[in-house]
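Bear in mind that the values in this text are calculations on the coordinates, not laboratory data. Just so it is clear, the structure is predicted and the values come from calculations on it, not from any experiment. Here the Cβ is made from the backbone with ideal geometry for all residues, glycine too, and neighbour counts use every protein chain on show.
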Amino acid sequence: MDVNQTRFHLLHGRADWGQLRLSDGTAALAELWQQPEGVDLPVVWDDTSRALRLTSRVPLFRRASGTEELVIAQRRGADRDSYGNWYWIDEAESGIRFLPSGGSPATEFWTSLRRDERCALPDDGGFAAKPAPAPEPLLLRGLAVTKAHYLVVGDVTRRGLLVFDLHSGDAPILLRWPAGVPFEPWDLAATSDGGLLVLDRTHATYWRLNDDFRLPGQPLPGETIWFQPKDGAAPAPAGRTELQPEGFPLSLESPPDLLDAVSIAPGPDGTVLVLDSHPLRPFSRLLQYQDGLLMASYSLEDAVTVADPATGPGATVTFSVVGHDVAYCAAPDGEGLANQKSLVYIAEQAGNQTLAFEMDEDAEQLIAQPLYLPMRRWQGKALVCAGGQVYYDFADRWVSLQPFMDCQYDSRAVLVTPPDFAGWIAATGLESPPAAPDKVTGAPLDSALAGCVWHRLLLDAQIPPGTAVQVRARAADDARLLSQQSWLVQPTLYLRSNGCELPYQDPWKDLETVPQRTGTWELLFQGVQGRYLQLELTLTGSGRATPALRNLRAWYPRFSYSENYLPAIYREDPVPASFIERWLANFEGFFTYIEDHIEHVDALFDPRTAPADTLQWLACWFGMVLDPLWDEQRRRFFIRYADHIFRRRGTLAGLQIALRLYLEPNVDASLFDPACWEGGVVRIVERFRTRKLSGAALGDATAESGSTDPADDAHRFTVLLPHDLDDEQLAMAGRIVDLEKPAHTEFELKRFWDLFRVEEARLGLDTRLGESSRFLPLILGESYLAGSYLPAAYPF
């Protein structure tokens, strides 16, 4: 409601826009979007831009003449660690290449041809040992980097896995499969829990290892237990049991000869995705497993509707996908990311394009996404999901897969607001809708005022050059007569120069750069009078661009300057009165915008609602200068809790708050909770709280005994910070402590390398129990209590 008591109906988000209908249909868009054929609708809801737009058609990238399709044998295996370094198997399949994150050229990381080299003795001119012959090269296939920074490579020659510790840099450890177990690694993939998936293409089997590289299996018979109870009681179970490792066969209902598993990837909720691309089948299948059981089989036959240039402009065809590799990217967690989807990316065997799908596990269908993802000169090494992005290899580089925005869109769509009033009245048993039926799906836009003059229509939209949005409207006092009214063509929308009409609101603040012709578009309703309103929106695209509608606001009733400020004589003649009404509406809109900002000026003084460009001005009220490197959320938090921060300045808690405010990526009100001041990543140790022991007490007989002067530890403290801070961050933390500490105190800044330090650590405050690979999950009847832990979280 504005200062003139004018209200508005709002369409915002997928649920509201989903109530609209196509002009030639009766079902709501939300219902049509849920159907598999919903992809053929002329409009879609774009979760990324949070807007309604015309449907884009994925172009089919035709392979250039003279080029050949990728061969499955070209697959090498590749992955990236958390520091941005890339690893992949070389062309000879006998070594590993390495591309550092700093932009340096790719180098050799390890090769099996020199795996047994030793440092040679200096030549003294005498006899020397005959050099050992060069080792035979190993055949390597499949590569992955686990969450704990272990690089794992499949060793086909020795039927095992090579494990490299990327932190220590030592020689690899060979995990060899038992002689009686068939094993030939083909593809590897790391799981989110630190484990590993191994695909054996030859034997149609996959293996799942935990974060300790242990396999599930069955105990071997005939095991000897050396130590028995002295009193002859029942023998105790063995502490370590030799197991016969077991893989999960890729069993299918179809004959085994129609299965060719070429790629493996972790799926949603701990499942496993396997890409089946048999050469005798003109399409691939995506198989989903859970603990070795086949949960679903997704066919890629006619899975995508694409725009094929070979069939003429504007023509679409269905396309069956033959996949070369697969990657699964889970939706990121965090505030403002709820609309992001978990997608499966399948690289087409032609090597020119990747297709994205959303998994509908209930219907066992893959829903193609309208994303044009071309690849340039892909050599087929691997398709890798890392850090929420999908990458492919380009020569010795790895580039992220980005949608090409020059897509082909549908040319036109006509939408109307809900018209099914007769069906709504019959369902509710009412002769006329109540005062506010807009809360009910399918209800009309109701002003609850007989003879209401509808005022303005505003759209938060992007309307690129060559596209348009036309509006028609009709209104009636009886909902059952609304469909019989004639449509009235409304004026052309224009882009407001001063932005959104709502005070201190920016509908596009989530965009770093606002595209051309993006903002709030406005029109003044002409001749639209009646209690109920129906709108018709015609979206017209250029084929290369589309309008995108984010929000719609229909304002009512009109505050007429002519009726409120002019004598009645100005309204006697309808024709001049209509002109005066529309002419004065320009001034009404201008002054209402200013008056609304004055009415809601309190929003400027609240750090939660103040515009981003006014935060520095608001901070000046406290005599503060905000760090230009801080993001908007951190600035708002600091201003909001400035009183709490200043009250604790100079105290131990104040130092904790100041450092955490600078170091932690996300800050909230827990900064002021005393329960969170101890045990965090920032530790402050006051010297008087530590007890110093002499060397004699620690076993040094040559040390002098005696106690130190307590005054030496007074007014002194040590600040322990995370060890991964760079020098610039460490220096900034030192300046913060120097600014916030009491003037008479002295401090020492140290990196937090270890959790336990002799003469410095406080038991229970600076120490904590960590994880160890020697402890295994507790299994009833098999594990020792002292050598295992309970994996279930409380409550059990």
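List of remarks:
- Residues R480 and R397, FRET efficiency given R0 of 60 Å [Cβ-Cβ distance, rounded to 0.05]: 0.35
- A simple packing score, the average count of other Cβ atoms within 10 Å per residue, orders the peptides 484-492, 13-21 as 13-21, 484-492, with the highest score first.
- Listed peptides 602-612, 350-360, 85-95 by packing density, highest first (mean Cβ within 10 Å): 350-360, 85-95, 602-612
- Taking each of K147/K509; K341/K509; K147/K381 in turn, the alpha-carbon distance tops 30 angstrom for K147/K509.
- With a simple spin-label model that places each label point 7 Å from the Cα along the Cα-to-Cβ direction, the separation between V514 and A714 comes to 6.2 nm.
- Net charge in the neighbourhood of T518 (other residues with Cβ under 15 Å of its Cβ; Lys, Arg +1, Asp, Glu -1) is 0.
- Each peptide in 712-722, 282-292, 661-671 gets a packing score, the mean of other Cβ atoms within 10 Å over its residues, and the list from highest to lowest is 282-292, 712-722, 661-671.
- Estimated from the Cβ-Cβ distance and a Förster radius of 30 angstrom, the FRET efficiency linking F591 and D506 is about 0.90.
- A straight chain from R14 to W630 at 0.36 nm per residue would run longer than the Cα-Cα distance by 218.5 nm.
- Taken one residue at a time, the phi angles of segment 453-463 give Karplus couplings (6.51, -1.76, 1.60, θ = phi - 60°) of 8, 6, 8, 9, 10, 10, 10, 7, 8, 10, 10 Hz. Gly and Pro are set to x.
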